[in-house]
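Enquirer: One structure, pasted below without further comment.
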Ligand SMILES: [Cu+2]
């Protein structure tokens, strides 16, 4: 069903990201299935695999678990990378900076993601050599990830940026995900991880990646494609209030946890020493602000379904194929087969801006 003219390098970057994710899912998920099968074999047939009482090795379980679970994090974060590429190009009205680099970096993350699982096991008794190799390889993941962040920033450079709600989510993502990524370098560094392992620092890092990255990009994508999906617009004002509360609430909730963790607050304990009280309370207060932002989003989105203004076919002026059809899309998507002649981010020449281009005919 591929439209004539659609080639590998005319695909939107969201499609490249889901493609890379599909490869990870195909290779990583069976490992989870194998682990569960081994567990069944151990319990039912009493063959020692993981249980030391039966002669098994519990660290082997950790190896299986993280061989699946590190790539699983990329299953959750690579599609959001694709969403962010769409939001930033559409709202900067500019071709993405380094299309091929962004496309290939998704594939590179998928491949390197399989080589780094041991960074979760620095303190589980693995050899110094293994620890050093896993630490070194972990830093390699930062390269394709940084390529993406630099491309997004360079795409915005001299673009005609519109601060729509999806764009506010994309900007939040850039800020939060960068903190998530950079704190990953602290945890990937062998010596530092010995101090930070199993502390709130890990909890904060994980949330900055999964929520500051994944969920924020999901919400941005939801607000971007909402008019296309349901044919209705949502409240501009309330959606901005909501994104602001989510951004502030998120940072108060989870930045506090970086501080707690770096000072030695362990994770998975409900009791703590009195010196940790203030930051725990700050974190709790932040979670209420965050919840308020999310509730507001739920309310105005529900309201928009019934009372929202009718959405035009292409409210953001994006040029990928999804915006070339009716809103909401008709059965079989297009009245006749579309022919692809331009790239996904080939925006028409900018309209002259009356404030800057005075005298231009
Ligand atoms: Cu990992």
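Enquirer: Consider segment 220-240. How many of its residues are crowded, with 16+ Cβ neighbours inside 10 Å and part of a helix (DSSP H, G or I)?
Expert: Filtering segment 220-240 down to residues crowded, with 16+ Cβ neighbours inside 10 Å leaves 220-228, 230-235, 238-239.
This time we only want the ones that are part of a helix (DSSP H, G or I), so: 220-228, 230, 238-239.
Summing the residues that are crowded, with 16+ Cβ neighbours inside 10 Å and part of a helix (DSSP H, G or I) in segment 220-240 gives 12.
Enquirer: Going through segment 190-219 one residue at a time, which ones are touching a helix residue (DSSP H, G or I) at 6+ places or on another chain (Cβ under 6 Å) and not in a helix (DSSP H, G or I)?
Expert: Correct list: 199 only.
Enquirer: Only residues that are within 16 Å of the ligand (Cβ to nearest atom) and in a helix (DSSP H, G or I): list them for segment 114-131, please.
Expert: Across segment 114-131, the qualifying residues are 114, 115, 117, 118, 119, 120, 130, 131.
Enquirer: Checking residue 219 against (1) within 23 Å of residue 75 (Cα to Cα); (2) away from the ligand (no atom under 16 Å from the Cβ); (3) without any contact (Cβ under 8 Å) to a residue 12 or more places away in the chain, which test does it fail?
Expert: It is condition (3) that residue 219 fails.
Enquirer: So residue 185 clears everything in (1) in contact (Cβ under 8 Å) with a residue 40 or more places away in the chain; (2) part of a helix (DSSP H, G or I); (3) crowded, with 18+ Cβ neighbours inside 10 Å except one condition, right? Which one?
Expert: (3)
Enquirer: Take residue 142 and decide whether it is within 24 Å of the chain's Cα centre (by Cα), in a helix (DSSP H, G or I) and either within 16 Å of the ligand (Cβ to nearest atom) or at negative phi (or both).
Expert: Numbers: within 24 Å of the chain's Cα centre (by Cα): yes; in a helix (DSSP H, G or I): yes; either within 16 Å of the ligand (Cβ to nearest atom) or at negative phi (or both): yes.
The answer is yes for residue 142.
Enquirer: A follow-up question, please. Could you please let me know if residue 288 is part of a helix (DSSP H, G or I), in contact with a strand residue (DSSP E or B) (Cβ under 7 Å, 6 or more places away or on another chain) and over 30 Å from residue 94 (Cα atoms)?
Expert: Numbers: part of a helix (DSSP H, G or I): yes; in contact with a strand residue (DSSP E or B) (Cβ under 7 Å, 6 or more places away or on another chain): no; over 30 Å from residue 94 (Cα atoms): yes.
So residue 288 does not fit the description; no.
Enquirer: Out of 23, 44, 73, 78, report the one residue that is surrounded by fewer than 22 Cβ atoms within 10 Å (Cβ to Cβ), assigned to a helix (DSSP H, G or I) and within 16 Å of the ligand (Cβ to nearest atom). Show your work before the answer.
Expert: Values: 23 fails: within 16 Å of the ligand (Cβ to nearest atom); 44 fails: within 16 Å of the ligand (Cβ to nearest atom); 78 fails: surrounded by fewer than 22 Cβ atoms within 10 Å (Cβ to Cβ).
Checking each option against the conditions leaves just 73.
Enquirer: In this structure, does residue 175 turn out to be in contact with a helix residue (DSSP H, G or I) (Cβ under 9 Å, 6 or more places away or on another chain), more than 30 Å from residue 237 (Cα to Cα) and either in a helix (DSSP H, G or I) or within 16 Å of the ligand (Cβ to nearest atom) (or both)?
Expert: On the way: in contact with a helix residue (DSSP H, G or I) (Cβ under 9 Å, 6 or more places away or on another chain): yes; more than 30 Å from residue 237 (Cα to Cα): no; either in a helix (DSSP H, G or I) or within 16 Å of the ligand (Cβ to nearest atom) (or both): yes.
The answer is no for residue 175.
Enquirer: A follow-up question, please. I'd like to know if segment 92-102 contains one or more residues that are within 16 Å of the ligand (Cβ to nearest atom), touching a residue at least 12 places away in the same chain (Cβ under 8 Å), surrounded by fewer than 18 Cβ atoms within 10 Å (Cβ to Cβ) and assigned to a helix (DSSP H, G or I).
Expert: Within segment 92-102 (the criterion being within 16 Å of the ligand (Cβ to nearest atom), touching a residue at least 12 places away in the same chain (Cβ under 8 Å), surrounded by fewer than 18 Cβ atoms within 10 Å (Cβ to Cβ) and assigned to a helix (DSSP H, G or I)), the answer is no, since none of the residues qualifies.
Enquirer: Residue 111: away from the ligand (no atom under 14 Å from the Cβ), within 13 Å of the chain's Cα centre (by Cα) and not assigned by TED's automatic domain parsing to the domain that holds residue 189, yes or no? If you could, list the steps in order and put the result at the bottom.
Expert: Working: away from the ligand (no atom under 14 Å from the Cβ): yes; within 13 Å of the chain's Cα centre (by Cα): no; not assigned by TED's automatic domain parsing to the domain that holds residue 189: yes.
In short, no.
Enquirer: Assess whether residue 4 counts as being closer than 27 Å to residue 202 by Cα, modelled with pLDDT under 95, surrounded by fewer than 16 Cβ atoms within 10 Å (Cβ to Cβ) and away from the ligand (no atom under 16 Å from the Cβ).
Expert: Values: closer than 27 Å to residue 202 by Cα: no; modelled with pLDDT under 95: yes; surrounded by fewer than 16 Cβ atoms within 10 Å (Cβ to Cβ): yes; away from the ligand (no atom under 16 Å from the Cβ): yes.
No; evaluated as a whole, the condition is false for this residue.
Enquirer: Examine segment 143-152 for a residue that is surrounded by 18 or more Cβ atoms within 10 Å (Cβ to Cβ), without any contact (Cβ under 8 Å) to a residue 60 or more places away in the chain and more than 23 Å from residue 87 (Cβ to Cβ), and state whether such a residue exists.
Expert: no
Enquirer: Filter segment 47-70 down to the residues that are crowded, with 17+ Cβ neighbours inside 10 Å, assigned to a helix (DSSP H, G or I) and away from the ligand (no atom under 13 Å from the Cβ) and list them by number.
Expert: 61, 64
Enquirer: Restricted to segment 129-140, and to residues that are within 22 Å of residue 20 (Cα to Cα) and touching a residue at least 40 places away in the same chain (Cβ under 8 Å), which residue is surrounded by the most Cβ atoms within 10 Å (Cβ to Cβ)?
Expert: Here the answer is 138.
The values are calculated or read from the model by the stated rules, or taken from the named source; none is laboratory data. The structure presented is a predicted model; accordingly, all values stated were derived computationally and were not measured. Note that we place each Cβ from the backbone using ideal geometry, even for glycine, and neighbour counts take in every protein chain shown.
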